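The values are calculated or read from the model by the stated rules, or taken from the named source; none is laboratory data. Remember, it's a predicted structure, so these values are computed and weren't measured experimentally. Virtual Cβ from ideal backbone geometry, glycine too; neighbours counted across all protein chains shown.
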Amino acid sequence: MNSELIRDGYPCARKEYECIWCDEYIMVKEKHYYCVFKFDGNVYSNRFHIECKKASSSMDRQERLVNQNLKCGSYIRGTKKIKDHVINDIGWDN
Ligand SMILES: [Zn+2]
């Protein structure tokens with residue numbers, strides 16, 4: 001795991017984007033969290049609702065490790081709860 005933040009900030013959306021955390025839309029002109037980072041030599045960018053960024057930031061190391069293989073949009077907006085259908089797909093008992 002070798003991830004390096006290149007830049008981030010809180011811009012207003014110029015078009016609709018999907019939040020990487022919850023998969024719901026970030027609306028035009030909505031302030032959101034945007035970050036660009038390098039992971040294993042590739043550059044990626046992510047956009048989050050502000051409340052989803054807060055939920056993400058509140059995860060501890062253990063939670064990150066457990067959840068690191070989840071797909072984008074696996075969480076309920078603004079929380080660190082995983083969506084029921086995602087849990088069912090994985091077959092976890094929660
Ligand atoms: Zn979101």
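Numerical summary
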| read-out | value |
| --- | --- |
| Residue match in the stretch 39-47 (condition: of a type outside the set (G, A, S), within 16 Å of the ligand (Cβ to nearest atom) and in a strand (DSSP E or B)) | yes |
| Every residue from the stretch 16-38 that is outside any strand (DSSP E or B), within 13 Å of the ligand (Cβ to nearest atom) and out of contact with any Cys (no Cβ under 8 Å at 6 or more places or on another chain) | E16, E24, M27 |
| Answer residue from the stretch 9-49, given it is of a type in the set (V, I, T) and surrounded by 15 or more Cβ atoms within 10 Å (Cβ to Cβ) and is nearest to the chain's Cα centre (by Cα) among those | I20 |
| Residue list for the stretch 59-83, filter: at pLDDT 95 or above, closer than 18 Å to C35 by Cα and either in contact with a strand residue (DSSP E or B) (Cβ under 8 Å, 6 or more places away or on another chain) or more than 11 Å from the ligand (Cβ to nearest atom) (or both) | G73 |
